[in-house]
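**Q** Here it is, the structure, as structure tokens.
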Amino acid sequence: MLDRNSIPWSDPPGETLLGWLDQRVKDSPERTYLSDEERVYTFREIAWASDAIASHLTKCGVRLGDRVATLLHNGAVSMAAVLAIAKCGAVWVPVNVQQRGASLCYQLEHCAPAAVIVESELAQVVTESGGLPSHVPLVTRVELDRAAFSGERFERARPAPGDLFAISYTSGTTGPPKGVRVTFRMLEYSARGAILTSMARDGDVFFVWEPLYHIGGAQLIAIPLLMEVKLAVVPRFSASRFWEQVSVCGATHIHYLGGIAQILLRTPHSDFETKHRVRVAWGAGLPAAEWAPFEQRFGVKVVECYGMTEASSFTTCNLLAVPGSVGQAVPWLSFRICDEQGRDAACGQTGEIVVAERMPGALFDGYYRDPEATARALSAGELRTGDLGRADAQANLFFVGRATDSLRIRGENVSAWEVEHVVKGHAAIEDAAVVGVAADVGEQEAKLFVKLRPGAELSADELASWLQPRLGKHQRPRYVVFVEDFQYTPSQRLIKHTLPRDIAKCYDMTRRAILAQGN
């Protein structure tokens, strides 16, 4: 377990980010909180903007305990809006700005917000989704910006650390999203996990491309309130402009999720990629084989971590640079690896990652309006993550994949995650996904979806030959299909549940032929 004393803790105890903001405004009102691509904002400016927005929201009918949904791009006023919702004593519901139709309808109906703050161009999208009753007010970006600089003051609510801060819906890579109940205390643990993992120190600048509707972005809001760091905010991730933006803003830290790091590795070389101040790239999802190439090309230190929104974002971080590991447990949590019967697995044995609290309030108390999913996730005070991993004798965790991503092929358990990472090692392949499909004989066969890099050429037969020495016989996909693109979550995690499970027109690697009608 990592040292609890390696990061600062809130003073006075029992306060939340709103109290920390008050203290910042009192002690150093003109210090920079954040900057965007247009200007710099001080603590006082953000505090006053959030006051004004909170006043506007109460005029719109928002009351203590209400939900307020947001569909906003990153920016200073967007962050002020999050603080404003908390000042009202309401609960923030961040919604992916890419949500459309039925999925947006589901989320809005499920959380039943008292108001929705929305980018002006998305107002019609929200209305047409059918998930919002006509009496619920829409606060557009134009209205939000006008309210933020109205100068109105507001006497804020005073939430306790255990009060609900947000309902953060999961990305829904394997099914409908579930609303994680995130408390103010969990937000603090998340921010401190980011501080610990990134090895932050006073004077640092965090580059913020992560959307606020993902915990990876939301947790950064509190960091400047806890230590002397600044945020440099951009509207969204841009692979082509990434290093230029990082260089211009003077960032010392970058965060990656899902396939972001691999995307950066595949971009053309530029002068900006080495002309920057970045010390640490921290995140999850960079294969161990690509750590050294990433560090060498971009001149940064890579720190991998592991976690879930349900467990305050961080469960482990690899400060010891153990190859292939996602690290040791953070001070406020512990983990164990358990077998199918729930017993502790032997050292080095693969099993489900189960997380428990070392400090109170680090685990969520359940999913919003979903007691069945809560009962599946929480058992005897522990969080059953649904992820597979193994641990070594030094309590370093090694992530293996999702339990729901495990295939049963010819009597063997096969990790789709492991197969995908081997496939993505081919120079012509940009991304890949493996799912289980029905087998003629036995339990399942693996179907492989492949997206090639721009301009690359690769036949299914060539891929089959390349995979033969790199995967065990039971791991080799039976079927392969080439696709133009995949659907991704905001953190660039590939959404698998939308991938078709039929085998028509797939290339059968066993028969070495394309199936006309899937047989």
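The values are calculated or read from the model by the stated rules, or taken from the named source; none is laboratory data. Values in this document were obtained by computation on a predicted structure and should not be read as measured data. As a convention, Cβ positions derive from the backbone with ideal geometry for all residues, glycine included, and neighbour counts pool all protein chains shown. Protein only, heavy atoms only, side chains kept; ligands, DNA and RNA dropped before computing areas. Shrake-Rupley method; radii C 1.70, N 1.55, O 1.52, S 1.80 Å.
**Q** Can you tell me which residue is farthest from Thr309 (Cα to Cα) among those in segment 358-382 that are in contact (Cβ under 8 Å) with a residue 24 or more places away in the chain and part of a helix (DSSP H, G or I)?
**A** Ala373
**Q** Condition first: open to solvent by less than 10 Å² (accessible area, probe 1.4 Å), over 26 Å from Gly401 (Cα atoms), at pLDDT 95 or above and β-branched (Val, Ile, Thr). Can you find one or more residues in segment 254-263 that meet it?
**A** So far as segment 254-263 goes, no, none of its residues is open to solvent by less than 10 Å² (accessible area, probe 1.4 Å), over 26 Å from Gly401 (Cα atoms), at pLDDT 95 or above and β-branched (Val, Ile, Thr).
**Q** Say whether the condition of being modelled with pLDDT of 95 or more, open to solvent by less than 50 Å² (accessible area, probe 1.4 Å), assigned to a helix (DSSP H, G or I) and under 24 Å from Val233 (Cα atoms) is met by at least one residue in segment 22-29.
**A** yes
**Q** Let me ask another. Which count do you get for residues in segment 30-62 that are at pLDDT below 95 and within 25 Å of the chain's Cα centre (by Cα)?
**A** 2
**Q** Right, another one. Need the failing condition index for Phe165 against (1) surrounded by fewer than 22 Cβ atoms within 10 Å (Cβ to Cβ); (2) in a strand (DSSP E or B); (3) of a type in the set (Phe, Trp, Tyr), just the number.
**A** (1)
**Q** Here are some residues: Glu418, Glu430, Glu457, Glu445. Which one is assigned to a loop (DSSP other than H, G, I, E, B) and acidic (Asp, Glu)? Spell out how you get there, then give the answer.
**A** Working: Glu418 fails: assigned to a loop (DSSP other than H, G, I, E, B); Glu430 fails: assigned to a loop (DSSP other than H, G, I, E, B); Glu445 fails: assigned to a loop (DSSP other than H, G, I, E, B).
Every option except Glu457 fails the conditions.
**Q** Let me ask another. Scanning segment 56-99 for residues that are of a type in the set (Lys, Arg) and assigned to a helix (DSSP H, G or I), which turns out nearest to Ile215 (Cα to Cα)?
**A** Here is the first cut: in segment 56-99, the ones of a type in the set (Lys, Arg) are 59, 63, 67, 87.
The next check asks that each one be assigned to a helix (DSSP H, G or I); those that pass are 59, 87.
On the way: Lys59: 29, Lys87: 20 Å.
My answer is Lys87.
**Q** Give the residues of segment 323-357 that are in a loop (DSSP other than H, G, I, E, B), of a type in the set (S, T, N, Q), under 13 Å from Leu397 (Cα atoms) and open to solvent by 10 Å² or more (accessible area, probe 1.4 Å), sorted by residue number.
**A** Once the filter is applied, which keeps residues that are in a loop (DSSP other than H, G, I, E, B), of a type in the set (S, T, N, Q), under 13 Å from Leu397 (Cα atoms) and open to solvent by 10 Å² or more (accessible area, probe 1.4 Å), segment 323-357 yields Gln349, Thr350.
**Q** Take the residues of segment 451-487 that are within 19 Å of Gly259 (Cβ to Cβ) and charged (D, E, K, R): which is nearest to the chain's Cα centre (by Cα)?
**A** Looking at residues that are within 19 Å of Gly259 (Cβ to Cβ) and charged (D, E, K, R), I get Asp485.
**Q** Restricting the first residue to segment 338-352 and requiring it to be closer than 11 Å to Ala391 by Cβ and touching a residue at least 24 places away in the same chain (Cβ under 8 Å), which pairs with a second residue that is part of a loop (DSSP other than H, G, I, E, B) and open to solvent by 40 Å² or more (accessible area, probe 1.4 Å) meet a Cβ separation below 8 Å and a spacing of at least six or different chains?
**A** Close Cβ pairs (under 8 Å, with a partner that is part of a loop (DSSP other than H, G, I, E, B) and open to solvent by 40 Å² or more (accessible area, probe 1.4 Å)) amount to Cys347/Asp392; Cys347/Ala393; Gly348/Asp392; Gly351/Glu340.
**Q** Which pairs do you get when a residue that is at negative phi, found in segment 99-114, comes within reach of a residue that is aliphatic (A, V, I, L, M) and open to solvent by 20 Å² or more (accessible area, probe 1.4 Å), reach meaning Cβ atoms under 9 angstrom, with the pair 6+ apart or on two chains?
**A** Hits for this filter: Gln99/Val125; Arg100/Val125; Leu104/Val125; Cys105/Leu132; Leu108/Leu132; Glu109/Leu132; Pro113/Leu132.
**Q** Among the residues of segment 452-460, is there at least one that is crowded, with 16+ Cβ neighbours inside 10 Å, farther than 30 Å from Pro177 by Cβ and touching a residue at least 40 places away in the same chain (Cβ under 8 Å)?
**A** The answer is yes; a qualifying residue exists.
**Q** Say whether the condition of being touching a residue at least 60 places away in the same chain (Cβ under 8 Å), under 25 Å from the mean Cα position of the chain (by Cα) and under 30 Å from Gln328 (Cα atoms) is met by at least one residue in segment 140-147.
**A** No, there is no match, as no residue in segment 140-147 is touching a residue at least 60 places away in the same chain (Cβ under 8 Å), under 25 Å from the mean Cα position of the chain (by Cα) and under 30 Å from Gln328 (Cα atoms).
**Q** Now, a different point. Given the condition free of Cβ contacts under 8 Å to residues at least 40 places away in the same chain, farther than 26 Å from Ser465 by Cβ and crowded, with 17+ Cβ neighbours inside 10 Å, answer yes or no: does some residue in segment 412-420 qualify?
**A** No, the conditions are met nowhere in segment 412-420.
**Q** Return only the number of the condition from (1) at pLDDT 95 or above; (2) part of a helix (DSSP H, G or I); (3) crowded, with 23+ Cβ neighbours inside 10 Å that Glu295 does not satisfy.
**A** The failed condition is (3).
**Q** Can you tell me which residues in segment 473-504 are buried (at least 16 other Cβ atoms within 10 Å of the Cβ), free of Cβ contacts under 8 Å to residues at least 60 places away in the same chain and within 30 Å of Met308 (Cβ to Cβ)?
**A** Pro477, Phe486
**Q** In segment 146-157, is there at least one residue being in contact with a Lys or Arg (Cβ under 7 Å, 6 or more places away or on another chain), closer than 21 Å to Asp370 by Cα and either at pLDDT 95 or above or not in a helix (DSSP H, G or I) (or both)?
**A** no
**Q** Sticking with this one: Looking only at segment 425-438, decide whether some residue is at pLDDT 90 or above and open to solvent by 60 Å² or more (accessible area, probe 1.4 Å).
**A** Yes, because at least one residue in segment 425-438 is at pLDDT 90 or above and open to solvent by 60 Å² or more (accessible area, probe 1.4 Å).
**Q** Give just the number: which of (1) open to solvent by 60 Å² or more (accessible area, probe 1.4 Å); (2) more than 33 Å from the chain's Cα centre (by Cα); (3) among the hydroxyl-bearing types (Ser, Thr, Tyr) does Tyr507 not satisfy?
**A** Going through the list (1) open to solvent by 60 Å² or more (accessible area, probe 1.4 Å); (2) more than 33 Å from the chain's Cα centre (by Cα); (3) among the hydroxyl-bearing types (Ser, Thr, Tyr), Tyr507 breaks only (1).
**Q** So, of the residues in segment 460-519 that are of a type in the set (Gly, Ala, Ser) and part of a loop (DSSP other than H, G, I, E, B), which turns out to be nearest to Tyr169 (Cα to Cα)?
**A** Ser491
**Q** Out of Val246, Val302, Val280, Val234, I need the residue that is out of contact with any helix residue (DSSP H, G or I) (no Cβ under 6 Å at 6 or more places or on another chain), open to solvent by less than 40 Å² (accessible area, probe 1.4 Å) and at pLDDT 95 or above. Which one?
**A** Within the list Val246, Val302, Val280, Val234, the selection yields Val246.
**Q** With the requirement that a residue be closer than 30 Å to Leu378 by Cβ and of a type in the set (Asp, Glu), what does segment 281-323 give you?
**A** Glu304, Glu310
**Q** Restricting to segment 397-410, and then to whatever is open to solvent by less than 10 Å² (accessible area, probe 1.4 Å) and touching a residue at least 60 places away in the same chain (Cβ under 8 Å), can you tell me which residue is nearest to Ser334 (Cα to Cα)?
**A** Among residues in segment 397-410 that are open to solvent by less than 10 Å² (accessible area, probe 1.4 Å) and touching a residue at least 60 places away in the same chain (Cβ under 8 Å), the one nearest to Ser334 (Cα to Cα) is Leu397.
Each row is one residue, and each column tells you yes or no for (1) open to solvent by less than 10 Å² (accessible area, probe 1.4 Å); (2) under 20 Å from the mean Cα position of the chain (by Cα).
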| site | (1), (2) |
| --- | --- |
| Leu64 | no, no |
| Ala84 | yes, no |
| Ala90 | yes, no |
| Arg100 | no, yes |
| Cys105 | no, no |
| Ala112 | no, no |
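**Q** Based on what the data block shows, is Ala76 over 22 Å from the mean Cα position of the chain (by Cα) and open to solvent by less than 10 Å² (accessible area, probe 1.4 Å)?
**A** Answer is no for this residue.
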